[in-house]
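The values are calculated or read from the model by the stated rules, or taken from the named source; none is laboratory data. All values derive from a computational prediction rather than experimental measurement. Methodologically, a virtual Cβ is constructed for each residue, glycine included, from the backbone with ideal geometry; neighbour enumeration extends over all protein chains shown.
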Amino acid sequence: MAQLRSGSPHKLTERDRRVLKCIVRKNRLFLFATLTTEFQTASGSNVSTITVCRELHEMGFLGRAASHKLQITMRNAKRRLVWCKARRHWILEQWKCILWSDESRFTICQSDGPIWVWRMLGERYQPKCIVSKKRKVSLLFDHLEPIELAEHLTYLEFKSFCRISFADYQNYIRSCCMKDNPMMERSITLCNGISQWVQLMVLSRPTAQLRAEVFTKFIHVAQSLHLMHNFNTLMAVVGGLCHSSISRLKETSSHVSHEVTKVLNEMTDLLSSCRNYDNYRQAYSRCAGFKIPILGVHLKDLISVNEAMSDYVEDYKVNVQKLQALYNHINELIQLQQITPQLDANKDLVHLLTLSLDLYYTEDEIYELSYTREPKNNKAPPATPSRPPVVVNWASGVPPKPDPKTISKHVQRMVDSVFKNYDHDENGFISQGDFEKIAASFPFSFCVMDKEKEGLISREEITAYFMRASVICSKLGLGFVHNFQETTYMKPTFCDNCSGFLWGVIKQGYRCRDCGMNCHRLCKDQVAFECKKNAKGSSTSEGPLTPGSTPGTTCGPEGEEGQTHKHTNNRLLFFLGMTLQAWHTCIWGVSPLLFCRSSQALSGCMGSVAAQLFSGLSGDVRSGSSPGSG
């Protein structure tokens, strides 16, 4: 029998094989070239890629497609089956339009290409051999799951909560107001913004059934926030749902199930101010680990301690007990900032929510939309709005201060996120349908016509769209808001916005009483010039304005009343801005029939917490201090 030829000896020793096995188990996704380089660096042996591949096969490591971790619940699986059953008669071309697209959410276990891993037999479902499938988060409100929305709201809330420092709490105790305290004011603005956003998202739906669906979705969001121990955002969401502009919608309430109403009552009892928020305090004390407190309640405690205990005791000695009590309250809030939640926030969705919460509307505008959706029954006796059980605007006297640079940055980030997720061809355009879906995620959204390509929207058009919406809705700096009044011109006058002639016999147009700008009725809501108030207030004009003249250099008609605008003590006039009727006129070119709500009836929306915590600020408001000066 012939002897087997020995051939060349194995280049790898037992030690080299152990080193190679450790490298493979360290990262199952290494390529051949990377494995060879890592092995040569670790062992010092000069081997080829073919040798490394052969040794891996002998050890049992084979390249196989990685398994994906399923990220779908039984509930979602049933919903998808029901959705597919209703479209079981579709042809192949119809399924190609939706299947595996961003809107479908069917790509659960597949990817664009197989991801290969090194594994042995029996290791298929080991954690190191499973590649988690990251689903592309949809930017559409209707596609977002309640838990997903709650996680991103918690991410924004915790980020804002962590910015408040120990010195900010000290300054608040000394001044009892938000003056010169931007971080705390930003947190308050976020809370009030979430509450308004909840109301507007419900009211933006045209039918009662759709409004009930959004209402139910926010109830599920509130449940998720409760499980996450995010009480501050929970207060904002429940406060928005309990607002009188929502609770008065009887037709919408008839479409809400009894289970959802029961959950809302439970949340309302939890956040009720009865017995000094006793239910909330008990639930808060039982929570361990991560939690976000209701900032207004704890700030009230700080004020109570500061007022109840004197600064000095007998013989002018410092009251150490008061200092210790204040320190314990503040230190508890500071320690909560060290507990980071396990949240995997999607930056694109964060940018979308940030821009949505930047928009600001007055309570008059919200009530006008509420009465537009469900007008008051003339046969029913007029009911005065009662104070909601959950008062979220505990710092509603604090005006929002949107920074133009900040809003511009938020718009640019959101536009980048939109094109990242919807511009598949990377040609700088998205479809009209995708844009309408994204715009529907904002309350009072309107569509712009594509100017460059048929059915396509460019990046510049989307940026201009959201910048204009932000300027109008957030009352940007309060500098763009004009004090227009319908005027009869005795001399020929031209519009400062479109340079057109103001036709008519009487009441031809509108004139700003602060800067003297003249414009048409339809142009007054589209003015892009900043209102530059005259130092001496309104004055009479020496002559009519001509096209191209600068607003503010000349004033309106002869015989115009020269008295300045008198501000009332009503805090709603603190945010002088565009009404909802003007907003609709700007968007659709028509003025819908809107029902107004008297500002005196809205005074019941201010809670006792706001009156106790911000008495100093309300004094500044009554004294006539400018809201934009701080």
**Asked** When region 504-514 is examined, which residues are found to be modelled with pLDDT under 80 and touching a His at 6+ places or on another chain (Cβ under 9 Å)?
**Response** Gln508, Arg513, Asp514
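Quick check: is even one residue across region 358-374 touching a Phe, Trp or Tyr at 6+ places or on another chain (Cβ under 6 Å) and within 30 Å of Gln209 (Cα to Cα)?
Looking only at region 358-374, we keep the residues that are touching a Phe, Trp or Tyr at 6+ places or on another chain (Cβ under 6 Å), and these are 362, 371.
Okay, now just the ones that are also within 30 Å of Gln209 (Cα to Cα), so 362, 371.
Yes.
Residue check: is Phe61 farther than 30 Å from Glu145 by Cβ, modelled with pLDDT of 75 or more and touching a strand residue (DSSP E or B) at 6+ places or on another chain (Cβ under 6 Å)?
Yes: the conditions hold for Phe61.
Please state which one of Leu295, Leu323 is assigned by TED's automatic domain parsing to the domain that holds Leu227 and within 21 Å of Ser160 (Cα to Cα). Show your work before the answer.
Values: Leu323 fails: within 21 Å of Ser160 (Cα to Cα).
Selected residue: Leu295, the only one of Leu295, Leu323 that is assigned by TED's automatic domain parsing to the domain that holds Leu227 and within 21 Å of Ser160 (Cα to Cα).
Considering region 237-270 alone, what residues qualify as being assigned to a helix (DSSP H, G or I) and among the small types (Gly, Ala, Ser)? Talk me through it step by step, then tell me what you get.
First pass over region 237-270, keeping only residues assigned to a helix (DSSP H, G or I): 237-241, 244-247, 250-254, 258-270.
Of everything in region 237-270, those that are assigned to a helix (DSSP H, G or I) and among the small types (Gly, Ala, Ser) turn out to be Gly239, Gly240, Ser244, Ser245, Ser247, Ser253, Ser254.
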**Complete:** Of the conditions (1) within 23 Å of the chain's Cα centre (by Cα); (2) not in a helix (DSSP H, G or I), the single one that Ser273 does not satisfy is (1)
**Prompt:** Among the residues of region 340-349, is there at least one that is modelled with pLDDT of 90 or more, in a helix (DSSP H, G or I) and within 24 Å of Ser160 (Cα to Cα)?
**Reply:** no
**Residue in region 12-23 that is more than 52 Å from the chain's Cα centre (by Cα), at pLDDT below 80 and not in a strand (DSSP E or B) present** = yes
**Message:** Testing Asn232 on (1) surrounded by fewer than 21 Cβ atoms within 10 Å (Cβ to Cβ); (2) part of a helix (DSSP H, G or I); (3) of a type outside the set (Gly, Ala, Ser), one condition comes back false. Which one is that?
**Reply:** (1)
**Fill in**
Log entry, pairs with first residue in region 501-522 being under 11 Å from Thr487 (Cα atoms) and free of Cβ contacts under 8 Å to residues at least 40 places away in the same chain, second being crowded, with 19+ Cβ neighbours inside 10 Å and aliphatic (A, V, I, L, M), beta carbons closer than 7 Å, six or more apart or on different chains, reads Gln508/Leu502; Gly509/Leu502; Asn518/Leu502; Asn518/Leu545; Cys519/Val527; His520/Leu502
**Item:** All positions within region 276-320 that are under 22 Å from Leu241 (Cβ atoms), part of a loop (DSSP other than H, G, I, E, B) and in contact (Cβ under 8 Å) with a residue 60 or more places away in the chain
**Value:** Lys291, Pro293, Ile294
**Asked** Looking at (1) modelled with pLDDT of 65 or more; (2) of a type in the set (Gly, Ala, Ser); (3) touching a helix residue (DSSP H, G or I) at 6+ places or on another chain (Cβ under 7 Å), which is the only condition Ser204 fails?
**Response** (3)
